[in-house]
Amino acid sequence: MKERVTPFQLFILVLSIYVITAMAINMLVTLPPELSRLFQYMDYIVCLFFFIDFCQRFLRAESKLAYMRWGWIDLLACIPAGFFQGARMFRVVQVLRLLRAIKSMEMIWQLLFRNRAEGVFASAATATVLLVAFGAITMLMVESPNPESPINTAEEALWWAIVTVTTVGYGDYYPVTTLGRVVAVLLMIGGVGLFGSFAAYISSIFIADDSERESREARAQRDMTRALHHQIIELTSEVRELRDRLDRMHDNADASSLPADNDHRPDPPS
């Protein structure tokens, strides 16, 4: 079955690559317990998006049975690695399938700009998840060694990253190191731009509805104008034909009256 690649599929592809990268780091490097737990939390979030993607494609599939020939891989890839270690291998297969569907960078650009609103939304969603992930990881690595920092656990780092990227800023957790504050500034700047993109996407939905309605009205007016134009052409042609017929009838009448006038004309004097 041929898959339809969408901007959301690109989002899933980036998340899949992130999960495989995190898996490789977790396997090759001995991480602190809190950092390892943070990777596990991020894995839960990513698996939620995987499950949403699976449900969307399953509902869109014309033949559910044909989709499940390969869809079972996507379903097993939704299981967090902490519960099912074999899910990691299925995620590798999932990435290979997505890379096979997305054959070139040119196709990626076409997908992103075919519908600019969807492309912006997919790009902003991808950047948001990555900002939260790398912001929380970096903050935990930078702040946890400092005894004066309030950010010492995976939950605190993840909460801080989400609050900061959304520009809410509760102030219950905050960085105390210079590098941590630099990361916070970058995260806040990125959050302002990203949530501005989300607002623009929501606005584009309403604008698209108005534009579609105006397009339908303009199309109806063009069709009506075209129909009137054809009717005017037909009427003009009929009027021209009637005029030609009347002219021919008048000419025939004049021609038939000429001999009668010659017969009644008086003879010239001898």
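Read-outs: derived from the displayed coordinates by stated rules, not from any lab. Computed from a predicted structure; not experimentally measured. Cβ sites come from the backbone with ideal geometry, for glycine too, and all protein chains shown count toward neighbours.
Numbers for the structure displayed
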| item | result |
| --- | --- |
| Exposure proxy order (Cβ contacts within 10 Å, fewest to most) of 162, 232 | 232, 162 |
| Charge sum, other residues only, whose C-beta stays under 15 Å from residue 154's C-beta, Lys/Arg counted +1 and Asp/Glu -1 | -4 |
| Sum of side-chain charges, residue 240 neighbourhood, beta-carbon under 12 Å (Lys, Arg +1; Asp, Glu -1) | -3 |
